[in-house]
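The values are calculated or read from the model by the stated rules, or taken from the named source; none is laboratory data. Predicted, not measured: the structure shown is a model, and the values here were computed from it. Virtual Cβ from ideal backbone geometry, glycine too; neighbours counted across all protein chains shown. Heavy atoms of the whole protein, side chains included, go into the accessibility calculation; ligands, DNA and RNA do not. Shrake-Rupley method; radii C 1.70, N 1.55, O 1.52, S 1.80 Å.
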Amino acid sequence: MTKTIQLKRDELSSNFSGKEKYDLIIIGSGLSGLSSGLIWLKNTHGKKTLIIEKNSYPGGYSTAYEKHGYVFETTQLFPDIIDILDYLEIDLNLKQYEGNFMRRIVVDGEHVDEYKIPTGAENFTKYLIEKFPDDAEKIRALMAYSVDMFKQVRKLKANSKLKDKLLIPFQAPKVVANLNRTYSGLLDKFDINNPKLREVMETFTSFSGVPSSRASSIMATGAMLSSMTRCFRPYGYFDEFPATMAQLFQQRGGEILFGSEVEKIVVENGQVAGVQLSGSSTPILAEKVITTVDPLVAMRKLVGEEHLPSSYVEKLDKIIMSTSSINVALGLDDEIDLQSMDLDYPYNVVSTGLGTAEKLFDGFLAGDNAFSTDCFHTAVICPSLTTGAKNTITIRCTPFAMNKWTEWRENDYNKYKAEKERWGDFFINIAEKYFIPGLSKHIVVKDISTPATYARYSGSPTGSLYDMASLVTQFGPKRLPMKTPIKNLYQPKFSHGLYGTMMNGVQVVDLILDRKFNNGNSLFAPISR
Ligand SMILES: Cc1cc2nc3c(=O)[nH]c(=O)nc-3n(C[C@H](O)[C@H](O)[C@H](O)COP(=O)(O)OP(=O)(O)OC[C@H]3O[C@@H](n4cnc5c(N)ncnc54)[C@H](O)[C@@H]3O)c2cc1C
């Protein structure tokens, strides 16, 4: 019997009381907004707090939706954030991925290599050594260094004061040494030259849609270790995660206003005064505002450049937002036996060999994409193996630039549809060839998201999946600071992904409360629980 479809996100509604003034307004009910809201309520008492969300449901990029009897999900796993979930008393029935973290296929002409990347850094090291015995010493050295570097990241402060800065070289020398190093640079440091081994290691930069020659080595190492140590997904549909957070936020005294778009962040004398909603002439006043939306939109459009110092505007001009994507969600008939196809991993990834990520990223930077039958990187995910719902798979294809997707969608819908179908077929063929034989015969529902879809739902005009791209040139202290030039306006953008969004909440509340609960730590390490 197939599971009934009841999305938790649809059980929620606005509980906006219409107060004239709030202590804190948060723009956006994605996971950055929700984690900020819940952590704030836990560490303050009786504060009037409002989240404003333009969509009719919470979750932003992390959600699930129903189409013709099938449930499709956007996100697929969350890395190890269990400590924060416990701290916030968020109770979710979670599946922990044991055994293998990823099935990884690398195609070189007619030659195909397959890897099963295990969970846990030690298991991964052992596995790599078995696969690449000639490189054993280099692998051991790289992995030991990586684990140590990630431990040192834990010693950093999020918004360093002078005293913290002076201590960094002693507490976290590996972090200092890698601040400007790309992930390729880190692999070079350990003489990892074997192209096959390099390709496996570089799997973890492609998580962020950037090639290893541009990705921050610290970010890639963090992504690798935080996701492979322990990773999870809900047994239910993925919207349960944000919807549970939104529900708790409301139960704990927070208000959420769904279906309302913030048009303006009101600034008076260099200080935030509140927000103005689209279609309303009366602002909602607030002592403090946190924005979790696309930072270029927030600063240029909602605040307005006239309120910002020219040095900050110059910084905005240089920011490269992350890539967008085509996502092919398929509902399949009951005849297909997905259980037998060895797909129950957080990711099944197939790509062409070394250099693919660079070529694809260059295509994105040129304003389009560089996918071809000789150059691709694609992930196939099979959520119904966990949820027990009707058979679904999702094929994720990054990086795509916005190109003309929004223009086609608005002005030439036939062209938009034709392009969607063309790319849909391209990626279905790849999934069919490498993971799911006979796939196209079993498709009942096809739902293709384009960069225009991402732009529409997120409000990011570039349809960027991962906020500011995690390039080495705009990571860590080089990202836009959380404290904006407008007093009492905060923009938490630690990193991307569900781990990053939870840290956004940790960091921004700790900053506002003057290190009251997390002692200024960059990652979650609260003073008392
Ligand atoms: C297809 C896909 C798959 C992914 N898979 C994973 C994964 O498996 N694991 C992982 O860790 N990460 C994954 N990510 C990344 C992760 O989902 C995001 O980094 C994260 O959800 C971002 O959360 P956020 O709250 O910062 O931003 P968003 O989710 O973008 O939330 C911002 C919210 O603000 C709202 N908003 C925007 N403008 C306004 C306005 N003017 N007024 C009011 N509201 C506004 C938006 O509607 C949105 O709800 C994935 C992303 C995508 C797109």
Segment Asn193-Leu179, extension gain: residue separation times 0.36 nm, minus the distance between their alpha carbons
2.8 nm
Largest-first semi-axes in Å of the equivalent ellipsoid built from the Cα gyration tensor of the stretch 311-450 are 30, 18, 15
Carbon and sulfur together cover what percent of the accessible area of the chain at a 1.4 Å probe radius?
48
Within the stretch 217-246, backbone nitrogen closer than 15 Å to the virtual label 7 Å beyond the Cα of Ile82 toward Cβ
226-235
About the Cα centre, and with charges only on the beta carbon of Lys, Arg (+1) and Asp, Glu (-1), how big is the dipole of the chain? Nearest 20 debye, please.
1760
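Taking all pairs of different Cα atoms in the chain, averaging 1/r and flipping that mean, what Kirkwood radius in angstroms comes out?
Details: mean 1/r = 0.0421 Å⁻¹.
Kirkwood hydrodynamic radius for the chain: 23.8 Å.
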For the residue pair Lys42 and Lys161, what label-to-label distance in nm results when each label sits 7 Å from Cα along the Cα-to-beta-carbon direction?
2.4
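Report the gain in length on full extension from Asp333 to Ala144: 0.36 nm times residue separation, minus Cα-Cα distance, nm rounded to one decimal.
Values: separation 189, 0.36 × 189 = 68.04 nm, distance 4.62 nm.
Extra length from Asp333 to Ala144 when fully extended: 63.4 nm.
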Farthest toward the dipole's positive end in the stretch 229-349, which of Thr282, Met341, Val267, given Cβ charges of +1 (Lys, Arg) and -1 (Asp, Glu) about the Cα centre?
Val267
Along the Cα→Cβ direction, 7 angstrom out, place labels at Leu365 and Val313. What is the inter-label distance in nm?
2.7
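Under a Cβ-Cβ cut-off of 14 Å, what is the net charge of the residues other than Ser217 that fall near it, where Lys and Arg count +1 and Asp and Glu count -1? Can you show the working numbers first?
Details: positive: Lys174, Arg181, Lys189, Arg198, Arg214, Lys478; negative: Asp148, Asp188, Glu202.
Once all neighbours under 14 Å are counted, the net charge is +3.
Accessible area per residue for the chain in Å², computed with a 1.4 Å probe and the full protein assembly in place, what is it? The partial results should precede the final answer.
Values: 21420 Å² over 529 residues.
Accessible surface, normalised per residue, equals 40 Å².
Using 0.36 nm per residue of separation minus the Cα-Cα distance, give me the extension gain between Asp134 and Ser278 in nm, one decimal. List each step's numbers first, then the result.
Details: separation 144, 0.36 × 144 = 51.84 nm, distance 6.19 nm.
Working it through step by step, the gained length comes to 45.7 nm.
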Between the modelled labels at Thr373 and Ser56 (7 Å from Cα along Cα→Cβ) the distance in nm is 4.4
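Using the beta-carbon distance between Ala418 and Glu20 and R0 = 60 Å, what value does 1/(1 + (r/R0)^6) give for FRET efficiency, to the nearest 0.05?
Details: r = 51 Å, r/R0 = 0.84.
The value I calculate is 0.75.
Treating the beta-carbon of each Lys and Arg as +1 and of each Asp and Glu as -1, no other charges, what is the dipole magnitude of the stretch 293-384 about its Cα centre, to the nearest 20 debye?
Values: 5 positive and 15 negative charges, 124 e Å.
Using only the charged Cβ atoms, the result is roughly 600 debye.
How big is the dipole moment of the stretch 324-458 about its Cα centre under a simple scheme where the beta carbon of each Lys and Arg is +1, that of each Asp and Glu is -1, and everything else is neutral? Debye, nearest 20, please.
Working: 13 positive and 18 negative charges, 66 e Å.
So the dipole magnitude of the stretch 324-458 works out to roughly 320 debye.
Given axes a ≥ b ≥ c from the Cα gyration tensor, I'd like to know whether the stretch 408-496 is rounded (a/c under 1.5), prolate (a/b larger than b/c) or oblate. Kindly include the intermediate steps, with their values, before the conclusion.
On the way: a/c = 3.53, a/b = 2.01, b/c = 1.76.
Prolate is the answer for the stretch 408-496, as a/c is 1.5 or above and a/b outweighs b/c.
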